[in-house]
Structures are given as structure tokens and as C-alpha cells.
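A quick write-up on the structure given underneath.
The values are calculated or read from the model by the stated rules, or taken from the named source; none is laboratory data. Since the structure is predicted, the reported quantities are computational estimates derived from the model, not experimental observations. Here the Cβ positions follow ideal geometry from the backbone for every residue, glycine too, while neighbour counts run over all protein chains shown. Only protein heavy atoms, including side chains, enter the accessible area calculation; ligands, DNA and RNA are left aside. Shrake-Rupley method; radii C 1.70, N 1.55, O 1.52, S 1.80 Å.
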Protein chains: 2
Amino acid sequence: MKLSKHTDYAFRSLIFLAGQPPGQRVTIQDICDFYTISPNHVSKVIMQLVRRGEVESVRGKGGGLSLARAPEEISLLDIVREFETTLQPIDCAEQPCRIIGNCALQGILGSAVEAFLESLAPYTLADITSSEVQVLRLQAD
Amino acid sequence: MKLSKHTDYAFRSLIFLAGQPPGQRVTIQDICDFYTISPNHVSKVIMQLVRRGEVESVRGKGGGLSLARAPEEISLLDIVREFETTLQPIDCAEQPCRIIGNCALQGILGSAVEAFLESLAPYTLADITSSEVQVLRLQAD
DNA sequence: ACTAAAGATGCATAATAAATGCATGTTTTG
DNA sequence: CAAAACATGCATTTATTATGCATCTTTAGT
């Protein structure tokens, strides 16, 4: 039971963007250099964030990326919901299960996932980027 | 974010066993026939349950499987803990992350997993096998 | 003692999903 | 018009999961 790297990369990209001085644009390359991950991947993740309205991208020479919203307005729950392809702990329909209809397991597991998500709900990007130290580190490249 | 089939098979096997009349033994083959899944897999899952003391196995001719404990004493949380290979939503150590030390994300995700597990804690096998109807269905083969 | 039933276990293979890389297109500034 | 930088699709690789095969061990019944 773990989250996909897409989700991971989304978080990291957002953290990096949040660590920039206001108005500063960074390229996908910058993000990849910092974390040593593949540009192709980050590119796709960023695209999703752009479509969702969390990141602003400017194309062409001199372009780049920046946060489109304040970190306080970017919910960690939303990110998980966006990038996790499945949030069903067990897919009972995948292979036909003969207990269907009387099985309470689905409900119990479903509410456990709900508890997981609920627990993320109060947090925003601001909560994971508040440290001054971290911002300094992000610049120190 | 989903659970492995091992966990799924463990739940199903336990449900099937709990649905048997007291003293009745069933073979791995019975379980596989009922759910149409592979004996090899179930065999390994059952072994883990035997080692943990949830299932009793009798080898040799006329042998078979039965619950070693009352369903009320078999915790769903224990099963998930046993069969999920990883309960870390993001493995920060896998690829070195430059934010380590200042990143609050790990803590937040960690407590979300805790919430997931906590939510399972109150339930036992009895909670997912209480329906009379289900027991009837399990026999009706 | 022998045979068949049934669990126990290790190894090899296949299937699936995730991750990565390559190639190419599009937009925009200078 | 050239270069920078985002945008996107496709192919390949990798890793994990799932499955299947082969073999061993135990035990009841004859």
C-alpha cells in the first residue's frame, strides 16, 4: 500500500515551486536537476497540475513554471486524489467474488481509505514548506 | 493505493473458513474452487496464517484446514499488517531526496496511514461474516 | 508397508503496471 | 528565424505481482 511516484513527483515539484521567491519562474529542467529525476515524468506531472490550475506555465523562451495559487490554497488531499489512479483497496469487481452482496469487508476497507484521506484534508502545501531553512536549501544550488 | 492480492486472498480464505460448521475441515482445493483462484497462491497465504496461529492445518489424508481461533479474535488490522509488504506511502530513502530533514510531508503521510490502520483496528473476522445468508451461500456448493 | 490424499516449499515463468527515455510538435521571445 | 522552453505521444525498460510447475513431507486407510 503505497502512493505512486506520480504523486511523489507532484509533491516535490510543488515544494520546489513554493520555495522560489515570488515572481520567479523555474524550468522543468531546474526541478529535475534538483531532485535528479527524469524530465519526461516531471513534464507530465506538471501538465496535470497546470490543467488543475495549481501551476502556471509560460511557454517559449524565457518561460517557465510558477505556482498559480498561494500554497495555503493547494490541498494535499486534492493532489493525492488527482494522482492516485485507484483508491479502492480491493477491487471486488475485477475477478468475480461469490460473496458479493453479503460482504461487509468492502465497507470497512472503504471507510479506512476515507480515514486516510480525511487525515490529509486539513493540510496544504504551506504546511510542508513553512520552514525557512528549507527555502534556503532550495535556493542554495 | 491498493492492497495486494495476498491480503485479498487471506481475507477470502478466512471468510470461507469462518463460514464452515464447527469442526468441519476444508481443503485448499475447496477454497480455490469456491473463488476460482490459484491453489499455489492460496497455499502460501494459508501457510502464513498457520504460522501466525489463525488457521490450523492437518496434513495427510483426511486432513484440511480450519480456524484456530474464534472469528472475534482475528483482527482485520493484523491481517493487513501481515500481508502488506509496505505501509510507507512514500519511500524517501529509496532515491535520495534533498529535502530530507526539513520535509513535513513524511509525517503527514505517516499519520494518514496510521488513520487508515486505526480505522481497521476495531474490526474482526466476525464483523465480516456475521450474516446468516452468507454462511448459507458458502455451504450451497 | 504401501498408496493416495493433502499440506509445505522452492523455483521459474508470465502478466501487469510503473517508470523511463526518445522523438517530435508547438509557442514565444529576441 | 533561431533558440528556449513547454506539450505530447509512443516505445522500451524495469519492477513488482501473480501464477504455475515440480517436488517433498506427513498421515490415514487398507
Give the residues of region B:88-118 that are away from DNA strand C (no atom under 16 Å from the Cβ) and open to solvent by 20 Å² or more (accessible area, probe 1.4 Å), sorted by residue number. B:Ile100, B:Gly101, B:Asn102, B:Cys103, B:Ala104, B:Gln106, B:Gly107, B:Gly110, B:Ser111, B:Glu114, B:Ala115, B:Glu118
Against the condition of a type in the set (A, V, I, L, M, F, W, C), over 20 Å from B:Leu76 (Cα atoms), within 16 Å of DNA strand C (Cβ to nearest atom) and crowded, with 19+ Cβ neighbours inside 10 Å, how does A:Leu49 come out, does it pass? yes
In region A:62-96, what count of residues is obtained for those that are away from chain B (no Cβ under 14 Å), on the phi < 0 side of the Ramachandran plot, out of contact with any Leu (no Cβ under 7 Å at 6 or more places or on another chain) and within 10 Å of DNA strand D (Cβ to nearest atom)? 1
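In region A:64-76, how many residues are open to solvent by less than 20 Å² (accessible area, probe 1.4 Å) and either part of a loop (DSSP other than H, G, I, E, B) or closer than 26 Å to A:Phe116 by Cα (or both)? Walk me through it before giving the result.
At the first step, the residues of region A:64-76 found to be open to solvent by less than 20 Å² (accessible area, probe 1.4 Å) are A:64-65, A:74, A:76.
From the residues that got through so far, the ones that are either part of a loop (DSSP other than H, G, I, E, B) or closer than 26 Å to A:Phe116 by Cα (or both) too are A:74, A:76.
Within region A:64-76, residues that are open to solvent by less than 20 Å² (accessible area, probe 1.4 Å) and either part of a loop (DSSP other than H, G, I, E, B) or closer than 26 Å to A:Phe116 by Cα (or both) number 2.
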Show the residue pairs meeting these rules: Cβ distance below 8 Å; 6+ apart or different chains; first residue within region A:102-131 and facing chain B (nearest Cβ under 7 Å); second residue basic (Lys, Arg) and open to solvent by 30 Å² or more (accessible area, probe 1.4 Å). A:Asn102/B:Arg137
Select, from B:Asp33, B:Asp78, the only residue that is out of contact with any Phe, Trp or Tyr (no Cβ under 9 Å at 6 or more places or on another chain), more than 15 Å from DNA strand C (Cβ to nearest atom) and at pLDDT 90 or above. B:Asp78
